[in-house]
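K.L.:
The structure's right below; bear with me while I get my questions together.
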């Protein structure tokens, strides 16, 4: 059993980490931290876990990085950006491996971090050492990593459908447009006017326009895939559901298709591309026939669904994806990386 700890375990992502790690066949949850909940048991804070024996005895504690590094082999950071890095440094120095769910180590450039997050990076010396925790793309690097930067929820919904197409040269790296819709839990567990029930219910609205923070990591990763600079148009929307993200991508095929035969040939190439990329991936489901992604089919799972259509009227390729923003978009993906880094079956604790 690998000893694990969660720093910031009282938020939505932290709660999901607790659920997954309490039931993980190879993990022993030895510590959970929260300044607000310190002293209470996991069962008291999250009654849904009260039937688990460990939840009735494990108590929230104040975060102490030096102590956690002695207690746990792997520490999950479910903290806001800017705060996570302050814990990562002493944890790594203490010999723990770190999986960070914040944005602090997703970028390689401290300057780009400052541009998008409006403050200096707290630990720029670690940026070169971090590994972007998208297992379907960076599995080999994750295996030996000491510091994993788990991707954002929106980026996951955009990168997994787009990576294989860019690498295969099937789409142009210019003119990519992404529209995404997210459940309110994506904003985190906090009391703010915009996220009150009366403000969100029966309401759909865009936000973070035109420069959402997640653009930084999306463009950095797509640039790696394309081998050339990629700039995209991204508009996120808040929708009145608890969980789930649906993304629609508008892409320009590298080759124009004007006839039915040309469209069929391009469609065959796209199908082969996705088959090669994801046929053996347990958490990416490429839909066939008339099926389209639906959040109800992925909420509560670590699965991302995707489907695509060629539009002969516009000459565009439409790719759609759906995921649970708290599982595949956050905690489930972090546990998936944990499994890879520790040599466990990648699906352990996730099915």
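K.L.:
Only helices (runs of 4 or more DSSP H) wholly contained in region 79-147 count here; list those with 3 or more residues that are at positive phi.
P.N.:
Where helices (runs of 4 or more DSSP H) fall fully within region 79-147, none carries at least 3 residues being at positive phi.
K.L.:
Tell me the residue from 213, 189 that is in a loop (DSSP other than H, G, I, E, B), under 17 Å from residue 324 (Cα atoms) and either under 18 Å from the mean Cα position of the chain (by Cα) or not assigned by TED's automatic domain parsing to the domain that holds residue 252 (or both), please.
P.N.:
189
K.L.:
For region 109-134: of the residues being in contact with a helix residue (DSSP H, G or I) (Cβ under 7 Å, 6 or more places away or on another chain), in contact (Cβ under 8 Å) with a residue 60 or more places away in the chain and surrounded by fewer than 20 Cβ atoms within 10 Å (Cβ to Cβ), which is nearest to residue 214 (Cα to Cα)?
P.N.:
Among them, the one singled out is 116.
K.L.:
Suppose we keep only residues that are in contact with a strand residue (DSSP E or B) (Cβ under 6 Å, 6 or more places away or on another chain) and part of a helix (DSSP H, G or I) within region 321-337. Which one would you say is surrounded by the most Cβ atoms within 10 Å (Cβ to Cβ)?
P.N.:
Ranking the qualifying residues of region 321-337, first place goes to 329.
K.L.:
I'd like to know if region 279-292 contains one or more residues that are assigned to a helix (DSSP H, G or I) and either without any contact (Cβ under 8 Å) to a residue 12 or more places away in the chain or buried (at least 17 other Cβ atoms within 10 Å of the Cβ) (or both).
P.N.:
Looking through region 279-292, none of the residues is assigned to a helix (DSSP H, G or I) and either without any contact (Cβ under 8 Å) to a residue 12 or more places away in the chain or buried (at least 17 other Cβ atoms within 10 Å of the Cβ) (or both).
K.L.:
Could you list, in sequence order, all residues of region 1-17 that are out of contact with any helix residue (DSSP H, G or I) (no Cβ under 6 Å at 6 or more places or on another chain) and in a helix (DSSP H, G or I)?
P.N.:
Hits for region 1-17 are 14, 15.
K.L.:
Another question about this same structure. Among the candidates 246, 318, single out the residue that is at pLDDT 95 or above, within 18 Å of the chain's Cα centre (by Cα), assigned to a strand (DSSP E or B) and closer than 27 Å to residue 214 by Cα.
P.N.:
Exactly one residue qualifies, and that residue is 246.
The values are calculated or read from the model by the stated rules, or taken from the named source; none is laboratory data. From a predicted model like this one, the values you see are computed outputs, not experimental measurements. Quick reminder, even Gly has a Cβ in these numbers, built from the backbone with ideal geometry, and neighbours come from all protein chains shown.
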